[in-house]
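A.B. asks: For reference, the structure I am asking about is given below.
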DNA sequence: ATGAAAGCGCTAACAT
DNA sequence: ATGTTAGCGCTTTCAT
């Protein structure tokens, strides 16, 4: 009569251990271990008694202790991105989670918030918890602090940006090529004066995109002008005057390449009030880009692809892969939607 | 001369332990422990020798072992949301992370993907890792499986939706009130035929929002019509005909309340091609809502507030709070932007 | 100031 | 089929 007691004995506060279960079932601790881990060599009757005791006590195996004893993997990976709330990194994070789940791994996740000390603290704390591996969007200018962890056997994969002072598997978008194709697209529409609004040039992605922009201009035999380029933090206070400068004067730019999402959005807000809008291509896709007027042409990265690939590299290392550090670049592809197809008046 | 050797002895593969450090430094293991944990009672000279050995061996304390021995907290919390990549939940996640960080806790994060077995597996796995507490967006219809964990002392906080079969602290948006205010806003613009497109009525949030919508109509002395309401999965294939039905006929709706973000977006895509657009209020804010034409009026939730509040409740329990389970409802506020202020023609 | 021994909860390696 | 012992890496307790 399993339903006899309306409420199963309110389990005592605190966690019970295998010892408690063993005592309650009148068996040795190893028998409990066998039942819990579904090993063979336990009579049906004994197993039933043990299971009953487990139920009554609300026992749950302590995986921390188990892993310590087994000494191998902890079944967890650490992921450090800039910001868990950013849609781009959130998509990357989700892909890593999915890959980890398929390998039976849990995910420690953290945001570096673009602060190198936070990245470092998170990474080292994860290592102290003995994560099986680390996936990292490097923020600081030096990841050398991870060298000891790496030589101790913790595989590290960098994603979105390469590390400095550390040789590790790395997964990037092909930023230069993407920016180049975006710029070439504008050139094909007849634009000759194209501005580039980018993030801080210290960021690898920003520098690469600038490089791609310049390569496209050079490829078309054009010499860009210094005041068509504005690099720096994506603050409205900085972007507004930069934009005004590009659009003012006798020879304003007729098209813009925006170096990332935040810049694109800020620029769109500024542009909303203007009578004649320049053509615009944004780096990074974003939701509802197709619903704006005009719909926004973008160079789309594949955040989920970045995350998935990074996780695949990591688990390959955990599976014993020994080759030299890999560097994989994922294509960024142009999605024409309208804003990038506006002609040069 | 600390910079003498160009490269510090390449640390041996595998992790070294306190025992290794003790042997290398020629001291007892307890002395190493003292140095690592910055306890007093170690001569400067001894400490220096130990630190040297730590450096050379690339030693890092194993927090798993430490926590096992200490037996108290593991300094980690588990968070289970529907989808780490969803901007709403991503913002919630980030807020939880921030709160955890301030208390020295790490974050295990996972997506239930709206699959009850996944929610359950994640939750129980987190508990097996002995997270100090659990924050959960319930997906299944029964969270009773968590009762043993709860009585074993693991505090559980539900967020966004209440649990079933489990009494726990809960943080929600005031969905009914939000939907009511959104509807009343449309009524004030003169609308009398207002449609509601909601998610599956099994979802607590969807049901509450429907309730708020009906309350507003009733409050205005109106009897809504059954075919002005369409509840179900937010698939375009389902929404399109539902929308067509509401907008067709002799007495079409002149305004729409959309039950969540995905529905709003899908509806906006459908509406884009229409000559006469109904007024629209969406539940949930989203980026760029202000840049659409017309800008979209929404009832905005506070995902970060939900996450922060949930974390606060959790840490209060961990700090010893003993009172009955709390239920906190956070206001959802109307943000008029244009689409909800279109008059009833 | 320093260290030896016991034990956290569990499993591996042997008993019986 | 079942139990006993040792030990994972660390901290706690108690000697020295």
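A.B. asks: Any residue at all in segment A:274-291 that's modelled with pLDDT under 95 and away from chain B (no Cβ under 14 Å)?
C.D. replies: yes
A.B. asks: Considering segment A:301-324 alone, what residues qualify as being assigned to a loop (DSSP other than H, G, I, E, B) and over 19 Å from the mean Cα position of the chain (by Cα)? Don't jump to the end; show me each part of the working.
C.D. replies: Taking segment A:301-324 and keeping what is assigned to a loop (DSSP other than H, G, I, E, B), we get A:301-302, A:319-324.
Within segment A:301-324, A:319, A:320, A:321, A:322, A:323, A:324 meet the criteria.
A.B. asks: Based on what the data block shows, is residue A:116 touching a residue at least 12 places away in the same chain (Cβ under 8 Å), within 29 Å of residue A:213 (Cα to Cα) and within 13 Å of the chain's Cα centre (by Cα)? Explain how you work it out, then say what you get.
C.D. replies: Details: touching a residue at least 12 places away in the same chain (Cβ under 8 Å): yes; within 29 Å of residue A:213 (Cα to Cα): yes; within 13 Å of the chain's Cα centre (by Cα): no.
Considered against the rule, which asks whether it is touching a residue at least 12 places away in the same chain (Cβ under 8 Å), within 29 Å of residue A:213 (Cα to Cα) and within 13 Å of the chain's Cα centre (by Cα), residue A:116 comes out as no.
A.B. asks: May I pose another question? Just to verify a result, which residue in segment B:1-38, among those that are modelled with pLDDT of 90 or more and in a loop (DSSP other than H, G, I, E, B), is farthest from DNA strand C (Cβ to nearest atom)? Write out each step before concluding.
C.D. replies: Taking segment B:1-38 and keeping what is modelled with pLDDT of 90 or more, we get B:16-38.
If we keep only those that are in a loop (DSSP other than H, G, I, E, B) as well, we get B:16-17, B:26-28, B:37-38.
Working: B:16: 17, B:17: 12, B:26: 7, B:27: 4, B:28: 3, B:37: 12, B:38: 13 Å.
Here the answer is B:16.
A.B. asks: Could I ask something else about it? Which pairs do you get when a residue that is at positive phi, found in segment B:59-79, comes within reach of a residue that is within 12 Å of DNA strand D (Cβ to nearest atom) and part of a helix (DSSP H, G or I), reach meaning Cβ atoms under 8 angstrom, with the pair 6+ apart or on two chains?
C.D. replies: B:75/B:63; B:75/B:67
Listed here are the residues, each with its yes/no results for (1) over 24 Å from the mean Cα position of the chain (by Cα); (2) under 30 Å from residue A:112 (Cα atoms).
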site	(1), (2)
A:168	no, yes
A:171	no, yes
A:199	no, yes
A:205	no, yes
A:217	yes, no
A:229	yes, yes
A:255	yes, no
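A.B. asks: Can residue A:163 be described as modelled with pLDDT under 95 and buried (at least 18 other Cβ atoms within 10 Å of the Cβ)?
C.D. replies: Values: modelled with pLDDT under 95: no; buried (at least 18 other Cβ atoms within 10 Å of the Cβ): yes.
It is false that residue A:163 is modelled with pLDDT under 95 and buried (at least 18 other Cβ atoms within 10 Å of the Cβ).
A.B. asks: Turning to a different aspect of this structure: Considering only segment A:208-234, state which residues are touching a residue at least 12 places away in the same chain (Cβ under 8 Å) and assigned to a helix (DSSP H, G or I).
C.D. replies: Residues satisfying the conditions are A:208, A:209, A:210, A:211, A:212, A:213, A:215, A:216, A:217, A:219, A:227, A:228.
A.B. asks: Every residue in segment B:251-266 that is crowded, with 24+ Cβ neighbours inside 10 Å and assigned to a helix (DSSP H, G or I), please.
C.D. replies: Residues satisfying the conditions are B:263, B:264.
A.B. asks: Say we look at segment B:39-59 and pick out the residues that are outside any loop (DSSP other than H, G, I, E, B) and near DNA strand C (Cβ under 8 Å from one of its atoms); which of these is surrounded by the fewest Cβ atoms within 10 Å (Cβ to Cβ)?
C.D. replies: Pass one, segment B:39-59, residues outside any loop (DSSP other than H, G, I, E, B): B:44-57.
Remaining after also requiring near DNA strand C (Cβ under 8 Å from one of its atoms): B:45-47.
On the way: B:45: 8, B:46: 17, B:47: 17.
Here the answer is B:45.
A.B. asks: Filter segment B:60-109 down to the residues that are surrounded by fewer than 18 Cβ atoms within 10 Å (Cβ to Cβ), under 22 Å from residue B:158 (Cβ atoms) and within 16 Å of DNA strand D (Cβ to nearest atom) and list them by number.
C.D. replies: Hit for segment B:60-109 is B:73, nothing else.
A.B. asks: Quick check, is residue B:36 within 14 Å of DNA strand D (Cβ to nearest atom), buried (at least 17 other Cβ atoms within 10 Å of the Cβ) and within 14 Å of chain A (Cβ to nearest Cβ)?
C.D. replies: Numbers: within 14 Å of DNA strand D (Cβ to nearest atom): yes; buried (at least 17 other Cβ atoms within 10 Å of the Cβ): yes; within 14 Å of chain A (Cβ to nearest Cβ): yes.
In short, yes.
The values are calculated or read from the model by the stated rules, or taken from the named source; none is laboratory data. This one's a predicted model, so the numbers in the text were calculated from it and none came from an experiment. Using ideal geometry, Cβ is built from the backbone for each residue, glycine included, and neighbour counts are taken over all protein chains shown.
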